[in-house]
Amino acid sequence: MSESRRPRLDTPRETRRSFVRRPALDADAFGVFAESFARYMGTAKFLLWMSFFVAAWIAWNVLAPADLRFDEFPFIFLTLMLSLQASYAAPLILLAQNRQEQRDKVVAEQDRQANARAHADMEFLAREVASLRMSVGEVATRDFLRSELRGLLGDIEELSRPDLSTEHQPPPDQVSRPGP
């Protein structure tokens, strides 16, 4: 009985944290967001806006009076902001790449299946063409039939033509018999 009370080591424990609610994230919606973000970060528009932002930051902190500068040390806060942006951009870009890789795998599998079907169809058609060639080899061709018909026509003409050797001979009852 003591064994039945102990949990098995190969079975995960049940968690009873009913007081902790994790937010339900739609993985597909987040993936779509990551792809659109990664797509936007790869545009010239993003690079121009980011360049404008960095140039404005540097200009403000160099040209503004000392009491209006918000980055007291030489661009430490700018470096922190760019690092923060990169730390969020990198995983989003990787997520977008992973989703693209999954789509590419699906497309590659569909292409492989289509190629396999096309290959099977080509093999079937090749067998059919080979069988047709063999069948055509056994079928009488037009030239063969013409030559056979010519031969038969010649045979018919020979049979219907009166025999010249029998025409010049008198009928058997008129044959002269030698007298006694």
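Restricting to segment 46-78, and then to whatever is charged (D, E, K, R) and surrounded by 10 or more Cβ atoms within 10 Å (Cβ to Cβ), can you tell me which residue is nearest to residue 89 (Cα to Cα)? Full working, then the answer.
Initial filter on segment 46-78 (charged (D, E, K, R)): 67, 69, 71-72.
Okay, now just the ones that are also surrounded by 10 or more Cβ atoms within 10 Å (Cβ to Cβ), so 69, 71.
Details: 69: 27, 71: 23 Å.
Per the stated criteria, the residue is 71.
Restricting the first residue to segment 81-105 and requiring it to be closer than 24 Å to residue 58 by Cα and among the hydroxyl-bearing types (Ser, Thr, Tyr), which pairs with a second residue that is at pLDDT below 90 and not in a helix (DSSP H, G or I) meet a Cβ separation below 8 Å and a spacing of at least six or different chains?
none
The rows are residues; the columns are (1) of a type outside the set (Gly, Ala, Ser); (2) at negative phi; (3) within 47 Å of the chain's Cα centre (by Cα).
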{"position": "51", "(1), (2), (3)": "no, yes, yes"}
{"position": "62", "(1), (2), (3)": "yes, yes, no"}
{"position": "66", "(1), (2), (3)": "no, yes, no"}
{"position": "79", "(1), (2), (3)": "yes, yes, yes"}
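Name the residue that is farthest from the chain's Cα centre (by Cα), counting only residues in segment 19-45 that are in a loop (DSSP other than H, G, I, E, B) and surrounded by 10 or more Cβ atoms within 10 Å (Cβ to Cβ). Show your work before the answer.
Step one: filter segment 19-45 for residues in a loop (DSSP other than H, G, I, E, B), giving 19-26, 42-43.
Checking the rest, the ones that are also surrounded by 10 or more Cβ atoms within 10 Å (Cβ to Cβ) come to 42-43.
On the way: 42: 28, 43: 29 Å.
Restricting to residues being in a loop (DSSP other than H, G, I, E, B) and surrounded by 10 or more Cβ atoms within 10 Å (Cβ to Cβ), the top hit is 43.
For segment 135-146, give me each residue that is exposed (fewer than 10 other Cβ atoms within 10 Å of the Cβ) and part of a helix (DSSP H, G or I).
Across segment 135-146, the qualifying residues are 135, 136, 137, 138, 142, 143.
The values are calculated or read from the model by the stated rules, or taken from the named source; none is laboratory data. From a predicted model like this one, the values you see are computed outputs, not experimental measurements. Counting neighbours? That spans all protein chains shown, and the Cβs are built from the backbone with ideal geometry, glycine included.
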